[in-house]
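Worksheet for the structure shown next.
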C-alpha cells in the first residue's frame, strides 16, 4: 500500500480479497503496510487491486504456470517423438535445411543428416518471411517432398505450422513434431489448436518473450490436453547489432529448474552466421540443453533462404563429432 | 568484401550479381573493396551474398517497403473509417473499454465516449491474454453487444481480430475498423487475409518490432490490395521495469517521414497505468500523432481486465479537454 | 520461501531478521510462506536472504532512495541556477553547441541562444567520444572561451565534467551548472565529489539505466550534501536502429511522482537527427518536462561533432516559438 | 543519397570528400546514388556527411578499431600476468570473493582458490554499489589484506580500479591485473590512465555496450601504449527479469574473430545466482573463452555482498573438475 494509505482504503482491499474467496494477512511495517491474499492465487489478477485507491503495487507470489511447472511434476519428462526420445540422457540433434526446395535437395539433405548420426530432421514448407516479396515456402507440395525424403532415411520430421487452417493437412502428412515459430509464440488460437492434438510440439521462444511468458504460452498448449511440449531457445532481440539474435544460454538452467519439459536450442537462427554455429552449439550442450535444431544444406551457397547460416554436410558432420566430446564430459550421449 | 579478398572471390560475386540480372559497380578503396548491384534491389536478398567466400557483409541501399512508403506516395493518406477521416488535420481519439463485458457496461461506455466528443469507439470481444486461465473475452456475443451499444451513439467500432477463421463473422457484424494486435503483427497469414478485404486496419506495433519490420508487416496487407492501414504505436519492450511498456514517441516523426499512412498511439497499453495516460497522450499529439486509442471504462475498479489502465468517464472527459489545447498549438483540431 | 521449505529453514531466516534488529511477520498461504521484515529496510539487502536455504526470492517493499524521493519532500523543488529557476512554472530551454570550437563560433552561438529567448547556455569543453581518434574537446581552453562568450550575453553555463581531477578548474571558471554525462551516471567517485560542492548538477540518465538506478545515482550526490540535482532524460538504448536512442517520455510523469527534483530532456542526443528535434521537444514539454537541453550551432554543417543533430539559429528560434504554444496549453510559461 | 537528390547536392558531398584528402567513387543505381570515399577512413566521421543536404545516411565500411583488431595482428596474443599466461591453450579460472572483508576470510579464500587449482585470484577492495548506503568496500586497507593473503599462496591478484586518483596506490601494492568495471567501460579518463602503465587490464563489458563500443574502449587503452588487454563478458541488460543479466556467449566467437586479445567470462555477475554458475561456466568454456572470473567465498551466507552468487569452496572445487572435461573435449587444458 502507499505510504499515506488510509484505514478505509485498507478495508476496501481486504473486503475485495474476502469477496473473492480468500483469506487475508496484514503485515504492518514501519513504512509500509503489506496485505496478503491466501488461497488459490491463480484466480486473482494483480490488475484487480492495482486500480484500487491506496494500492502502490500488487504481485503474484506463486507462479502462474501449473501443468508445465516442475513443482507439479518433479521428474524430467521424456517425450516420444515417433520412437525417438527427447529429454532423456540422449541428446538429439535435429538437422536439415531452412526450407524445402526440391526433391533432390531434400534427398541429399536427408542423406547427410542421417549420415551425420541424427535421428530427426527439420525443414520448412511454410516460411514466415519479413517481406511479402520474398520466397514464402513451397507449401503443401513442400510437405510431401519432405515427408518422402525423410521417410527414405527413417527420420521423423519437424516442420513449422503457421496457420490453424493447415493443421489437418499436417496431420494427414503425418508430421511427427509440429514447430510453433517465434512470431507465433503468443498466437493463442494456434496454441489452443495444437493443444487439442497428440503430437509433440516444439515451442520456439518469442523474439522478446520473457521466460515467464514462454512458460505461460506452453501452459496454453498443456491446458488443452497436449503435454508433449519441447521448449526451443533461438536467440532473443537486444541492442547488439553484431549478430542477428542473442543466444540466451542462461534460460537453459532456468527452464530446467522451472519446468519438467525438454529444452533444445537453435544455434543457427540465434547467431545467423554459419561460422558461429559450432561455438554456440557446444555452449548450448555444455549448459544442459537436451538437443539442437541446426540448419544444414547440401549446398548452402545455393540455398533459397538463410543461406548464410546453413552448415554444409562436412561442417555438419564435424560439428556432430565435436559435440560428442562435450556430451561425454557432462555424462550424456548424443 | 573482406580485407584479404581474392580476385577470384570478387569474380564469383560479380558473376552472381550479373546472373541475377543486375549491373555491377566496383569501388576499390585503400582498405576495402565495395561491390554494388545496380537494378531492382527488391529481388535481391543480402543472404544470397553473405554466404559467398570473401564477403564481409552485404546490405540493401533501398528500403524494402514499396506501397506503404512515402517515396511511392508523397501526400498524406486520409483513411475513411465509415465516414470518419483518419490521417487528416483532425485528430481522432478512439475511446472505449479494454473488453466488452455486459450490454449495460457497453451502453454506459458508448455514452461517455460520445459525450467526451469522440467519433470512434474501441472494445475487445476477443482478448489475447498471457494466461489461459484468465478471462478470454466474450467472443461473438461480445461483438453483438458492442455493435448495438456503439450504433445507438452512431460510433463506428474498432475491435481486434485474432483468428483468421473469425474474419467472416467480423464482416457480418460490420466491424468498421479491424485491429491487428501486437502479438499478431507478424502473423503473416492473418495479415494476408485482412489484405484481401476493404476495411481499414489498425496495425499495432509488435512488442519489439523495429520500424522497418512494422512497415514490412503493413506491406503484407498492402500487397494484398488493402491500402487502408493505420499504424498504432503502443509501447515497446525494454529493460525498464517501472512501466509496462515504453512509449516510443520518436517513431511518430520517423513514420511520418517513411510512410504516407496515418499513425496513432495507444497510451493506455504503453504506460499500463491510468495516471500516466494524460501525460503520454499529450506527448503523442504534440509529437504529431494522428490519433489515440484510449481505454476508458464506466467503472474502472470493476473492469474485467486491465482495470489499472482505464480512465473513468470524468478523467476521460478532462483528457479530451486538455488535448484540445495541444492540438491548437500545433494547428490541428480534435 | 520455496514450496518445499522446512520449518528449520524458516527458523534460520527469522533468526537472521531478528539478529539484524527487525521484527518478523509470517504469512502462511496455501502454496507459499511469505516472511516479512519490519523495521528500517534501508539496512537490509535482499542478497543477505537470497543465499539462505529455502528462500525463493526476497525483495524490498520500500524504495531505496530517500533524500531525492517525493515521499521525503512533497513539494516540487525549484533550483536556483545563478539566478535562473529550474523546476518551477517557467520552462527553461538550454541551448548551445555540442562542443566549444572557437571564440567566434561561441560568440555567434551565445548571441543566437540569447536572441531565441533562452536564459541558459550549454557547450562541451571535454567530450566523451567513442573513438580515441576523434576530437576530444578543447579542454580548459574551451572552458575559458565558453565562459567569456556566455558572459557577454549574461547566460549562466552548463558543461560536462568527466574527470574528478578537473572539478577545481570547473569551480575556478565558475561553471554555473555541472553536467554529469550518460557514461558517468554510475561513476560513483565522480558523483561523490559533486555531492560535496554547492553547484546545481544535471545528472543525465545512463544509456540503459533504470529509473531506480538513476534515482540511486542522484542519491549518491544528495547523500554528500548537494541537493541541487536536475534529472536529464536523453534517450535509452533499445533494439531499434532507426534512431540513435529512444526518448523515454514515460520517465517524465514517473519521475515527477517519485522525486521532487526537476526533470529536463535532451531531444538532440535522443533522436540524433536535427529534423527529429522539434517533434521530440514538443512531446517532452507536453509530457511535463521542466526544460530542454538542445543542440544548436551557428553553422551545423561545419560543426566539429554531432553535426547532424544541431539546429541552425533559425530552426532553433522557430522551435522556441512552437514550444510557447505547448507551454501555454498546459498552463506554463517558457 | 536521397532518392530526390540533386546534382548540386552530389557536388557538395564530392567536394567535401576531396577537401578532406580522399578520392571519390560514385555508383549510380536505378533508385539510389551511392558515393564512396576512398582513403584513410579513420579520419572521417559519418556525422560530417549526415548533415549535408541530400544525404540519406553515411557509414564506415572499415571498422574503427585498429591496434586491437585481428586485422592488425593475425595471431592470438598471450598476455603475461606476473608469470601466468592468459590467452593461450591453457584456460585460467580466476576465483575469489566479491569483496575483501577480513584477513581471515581472505586467507581462507586464497587457500580454497589455490586448492581448487586456480593460478590467479580476484577480490574487490573498492566496490561500485548502486546504493550509497550499502558497504562500499574496505578501500586501501582491503588492498593490503588481499595482497598478503594472495601472496601466501603465490597467487597474482585481480582487483577493480574505480578512481584515477587510486592508480598510484594500486601500483604501490603491486596489483597484478587491474580490472575496469562494467560501469567504467566508457570512463575515458580512466581508460587513458591505465593505457599509460604496463599492467594487464581486464576490461569488463558495459552493461549495454555493443561489441564495437567495447573494442573502441579497448582501443583507448591500447592507443596509450598498453596492449595487455583482456576482454571480460559479464552479462548484458535485456528485458528478461528472471536473471540479473544475460550472458552473451555469442560475443566469444565474435571477439575471437575481431580481435587478437584474450576473452574471459564472469558467470557469477551474469546469472547472479550461485546455482546458475556451473552451467554458465561450462557454456563459456565450450564456446571458446580463455578463462573465467568466478566468485567463491569461504562462507557465502556470511558474505558482505553478492552473497547469493558466490560458490562455497566445495562447489568451486567441483566446478573446476567439471570444467576439466569440457576443456579436454575442445583440446585445451585448465
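Brief remarks on what is shown
- Degrees separating the helix C:277-287 axis from the principal Cα axis of chain C, which is the longest one: 50 degrees
- DSSP beta bridges confined to chain B are antiparallel in about 30 percent of cases.
- Look at the stretch A:14-27: the mean tally of other chain Cβ atoms within 10 Å of its residues' Cβ atoms is 2.
- Placing dummy labels 7 Å off each Cα toward the beta-carbon, the span from residue C:198 to residue C:75 is 2.1 nm.
- Model label sites at residue D:60 and residue B:15, defined 7 Å from Cα along the beta-carbon direction, differ in position by 3.5 nm.
- In this assembly of identical copies, the label point of residue B:301 (Cα plus 7 Å along Cα-to-Cβ) is separated from its counterparts by 4.6, 6.3, 7.2 nm, sorted shortest first.
- Our summary gives the range C:1-148 a relative contact order of 15 percent, counting only alpha carbon pairs under 8 angstrom and 6 or more residues apart.
- Closest approach to the C/D rotation axis among chain C Cβ atoms, residue and whole-Å value: C:208, 2
- Inter-chain neighbour count for A:209-221: the average number of beta-carbon atoms from partner chains within 10 Å of each residue's beta-carbon is 4.
- Note on residue A:90 and residue D:328: their simple-model spin labels are 2.5 nm apart, each label 7 Å out from Cα toward Cβ.
- Degrees, to the nearest 10: D:7-19 long Cα axis against longest axis of chain D: 60 degrees
- The angle between the Cα long axis of helix A:211-223 and the longest principal axis of the Cα atoms of chain A comes to about 80 degrees, rounded to the nearest 10.
- Of the residues D:231, B:135, A:239, the one with the fewest other Cβ atoms within 10 Å heads the list, and the complete ranking is B:135, A:239, D:231.
- When both bridge partners sit in the protein assembly as shown, DSSP labels roughly 30% of those beta bridges antiparallel.
- Beta bridges per DSSP, both residues in the range B:181-286: antiparallel share near 10 percent.
- Across chain D, Cα pairs under 8 Å and at least six residues apart give a relative contact order of 17 percent.
- Anisotropy class of the range C:62-157 from Cα gyration tensor, a/c 1.5 cut: oblate
- Label points for residue D:154 are taken 7 Å from Cα along Cα→Cβ. From this copy to the others they lie 5.7, 7.5, 9.4 nm apart, shortest first.
- Ranked for footprinting exposure by Cβ neighbours inside 10 Å, fewest first, B:273, A:192 give A:192, B:273.
- Pairwise centroid distance, computed over Cα atoms, of the range A:167-209 with the range C:214-277, Å: 42 Å
- D:76, B:266 arranged by Cβ crowding within 10 Å, fewest neighbours leading: D:76, B:266
- Length-normalised contact order for the range C:7-50 - Cα pairs under 8 Å, 6+ apart - percent: 29 percent
- Working note: 222 nm ellipticity from helices only, DSSP H runs with n ≥ 4, each -39,500 (n - 2.57), summed and divided by the residues of chain A, gives -10000 deg cm²/dmol to the nearest 500.
- Within 10 Å of the Cβ of each residue in C:301-311, the mean number of Cβ atoms contributed by other protein chains is 4.
- Whole-angstrom gap from the range D:8-49 to the range C:67-120, using each part's C-alpha centre: 38 Å
- Pseudo-label separations to other copies for residue D:60 - Cα-to-Cβ vector, 7 Å, nm: 2.6, 3.9, 4.6
Bear in mind that the values in this text are calculations on the coordinates, not laboratory data. None of the values given here were measured: they were computed from a predicted structure. Every residue, glycine as well, gets a Cβ built from its backbone with ideal geometry; the counts of neighbours run over all protein chains shown.
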